[in-house]
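Read-outs: derived from the displayed coordinates by stated rules, not from any lab. This one's a predicted model, so the numbers in the text were calculated from it and none came from an experiment. Cβ: placed from backbone, ideal geometry, glycine included. Neighbour counts: every protein chain shown.
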Amino acid sequence: MAADWTAIEGLPSPRLETLFAEDADRLARFSVDVAGLHFDFSKTHLTEQAVAAFEALAKAQDLSGKREALFAGEIVNTTEGRAATHVAERGEGSEDDVAAARVLHARMRALIDAIEGGALGEIRHVLHVGIGGSALGPDLLVDALGRESGRYDVAIVSNVDGCALEEAFARFDPTATLLVVASKTFTTKETMLNAESVLQWMGEGGVDDVYGRVIALTADPDKAVEWGVDETRVLPFADSVGGRYSLWSSIGFPAALALGWDCFADMLEGAGEMDRHFRQTSLAHNAPVLAAFADLYYTHNRHAETRATFAYDERLRLLPSYLQQLEMESNGKGVTIDGAPLTGPSAAITWGGVGTDAQHAVFQLLHQGTHLVPVEFVAVIEPGDTLAEDHHRQLLLNAFAQGAALMKGRPNDDAARSYSGDRPSSTILLDDLDARTLGALIAFYEQRVFVNATLIGINPFDQFGVELGKEMAKAADAGGQEFDVSTTDLMKRAFG
Ligand code: F6P
């Protein structure tokens, strides 16, 4: 149902510095500590009055009822007639869903043990092919946590561009490679083509039984078996786990294999802790809820069209692209859950990068551009490197100084050198980056997406917008698609 935004849009908008000056408790009021993560929303324009208005909106949109329906495994993805049971993967859904997820996790763990025991021969390299939700999550986990403890050399290849696979081929030994085919549907063209090419490379590289080295991660096990994977090496996950919410399921297999089961289990535990916080904490002290309130304040009251996340930690360099799918595929919708056109803005466009690199590339616009971009800094107190302390100190100092500068600004008689200030940011500070805190961080983003969607009144769990282009490419491949003059010309130039 579309929400009534009148009270929100009527909120006053004092400058950030005024908000601090008027409320000695502002920092405490807008900070939340949970699961080893510290959230500081004090440099956003949230006020007690704004939070109260959003709480009323949340009530009108039945946020607590919808949240319980999500956790109870009810059909919240109404356009596809499905539940969204990713929370059950971390032990937080309905009893039946949690039990079903545990059975599938046990199967995954047993297969990992068997691989470690040498059941598939010597495996040193893991070549995971998948795209979208079947790649971005595992890629983020392995990249963030596998730098020191990675037990296998893992390549996650998503693009159908053969250059991507060739890079992995150049690094890997085909006789010591495990092929992991990750696809919820097991029909995605790019993934299936990549998988076929890996099989060919393995065969040409001297592997006799190429299918004996394949693992499938899918919600459609029959299709994987039909394609040639032995049933014992198919790791299913529930159809009710959406692709972009699937890293907790068997889709996380390369991470569980490379980092070890205990690490994977810790990640689920950290996510579960965030789920419990989301479910049990009052809205005014609830991290995903406050983050969503700020998101909605900026899209509705300040007409922000984008928001940006900057990871001030090299290990989290893939976080912005992970968030792009999570947030934009979930909330980039133009109709309400009832099918009516959305009258207000949908969620903001998500973008971002890595600090400090981004400071020297895009921060000009953030400080002086005409677009208002709410910024989010993500940083970690414990350093990931072992170099002299100054590296990490400089990294964090920069993150904190950027937030302060965005808020404070600095007037100058020369307009080109003047900073308006009053530009919002929030900061997420992790005590340390480990499986638990990373799990909690990702679950925070998922629940924030859910709150945004509920308050806007849209379904975050479908993704019909991606279908049309896919269908047209498929039809063109089969020669059955009439195109416009421009597209026909491009095809002719490329294919003759
Ligand atoms: O095209 C979008 C999408 O359906 C995503 O939602 C999904 O994560 C991705 O493609 C991959 O799909 P699959 O896991 O079925 O191969």
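Taking Cβ atoms as reference points and 14 Å as the exclusive limit, the residues near F450 contribute a net charge of -4, counting Lys and Arg as +1 and Asp and Glu as -1. Summarising the label geometry, the points placed 7 Å from Cα in the beta-carbon direction at L372 and A60 lie 2.0 nm from one another.
Sum up the charges of everything whose Cβ sits under 14 Å from the Cβ of Q49, counting Lys and Arg as +1 and Asp and Glu as -1, but leave Q49 out. Within the 14 Å Cβ shell, the charges total -3.
In this Cβ point-charge picture (+1 for Lys and Arg, -1 for Asp and Glu), the chain has a dipole of about 840 debye about its Cα centre. Annotation for segment 1-63: GluC sites (Glu not before Pro) lying in DSSP loop with at most 11 further Cβ atoms inside 10 Å of their Cβ do not exist. Inter-label distance, Q481 to D390: 5.5 nm, where each label sits 7 Å from its Cα along the C-beta direction. Over segment 141-261, Cα pairs under 8 Å with separation of 6+ residues give a relative contact order of 30 percent.
Legend: distances between Cα atoms for K59/K408; K66/K474; K333/K408; K59/K333; pairs beyond 31 Å are K59/K408; K66/K474; K333/K408.
What are the lysines whose alpha-carbon lies under 16 Å from the alpha-carbon of K223, with same-chain residues fewer than 8 places away excluded? Result set, ordered by chain and number: K184, K189. Taking a ≥ b ≥ c as the square roots of the eigenvalues of the alpha-carbon gyration tensor, segment 392-472 is classed oblate because a/c is 1.5 or more while a/b is no larger than b/c. Rounded to whole numbers, the Karplus 3J(HN,Hα) couplings from phi for segment 282-297 are 4, 4, 6, 10, 9, 4, x, 6, 4, 4, 5, 4, 5, 3, 6, 4 Hz, using 6.51 cos²θ - 1.76 cosθ + 1.60 with θ = phi - 60°, and x at Gly and Pro. Residue by residue, segment 315-327 carries 3J(HN,Hα) couplings of 5, 9, 5, 8, 4, x, 6, 4, 5, 4, 5, 4, 7 Hz when phi is fed to the Karplus relation 6.51 cos²θ - 1.76 cosθ + 1.60 (θ = phi - 60°); x denotes Gly or Pro.
Dipole check for segment 123-256: with +1 at the C-beta of Lys and Arg, -1 at the C-beta of Asp and Glu, and the Cα centre as origin, the magnitude is about 380 Debye. Each stretch of four or more DSSP H residues adds -39500 (n - 2.57); spread over every residue of the chain, this sum gives -14000 deg cm²/dmol at 222 nm.
The aspartates and glutamates within cross-link reach of K43, meaning a Cα-to-Cα straight distance under 12 Å and a gap of 8 or more places when in the same chain, are E17, E376, D422. Site pair R317 and A340 shows an inter-label distance of 4.7 nm when each label is modelled 7 Å from Cα along Cα→Cβ. With the charge dipole of segment 295-372 set up from +1 on Lys and Arg Cβ and -1 on Asp and Glu Cβ about the Cα centre, the Cα lying farthest toward the positive end among the listed residues I337, T356, L316 is that of T356.
A protection proxy built from the mean count of other Cβ atoms within 10 Å ranks the segments 375-386, 254-265, most packed first, as 254-265, 375-386. Classify segment 140-185 as rounded, prolate or oblate, taking a ≥ b ≥ c as the square roots of the eigenvalues of its Cα gyration tensor: rounded when a/c is under 1.5, otherwise prolate if a/b is larger than b/c and oblate if not. In terms of gyration-tensor shape, oblate. Extension gain for the segment D25 to R171, taken as residue separation times 0.36 nm less the Cα-Cα distance, is 47.1 nm to one decimal. How big is the Kirkwood radius of the chain, worked out from every pair of different alpha carbons and given in Å to one decimal? Radius from the Kirkwood sum: 24.0 Å. Among the GluC sites (Glu not before Pro) within segment 94-124, those in coil by DSSP and having at most 12 neighbouring Cβ atoms inside 10 Å are E122.
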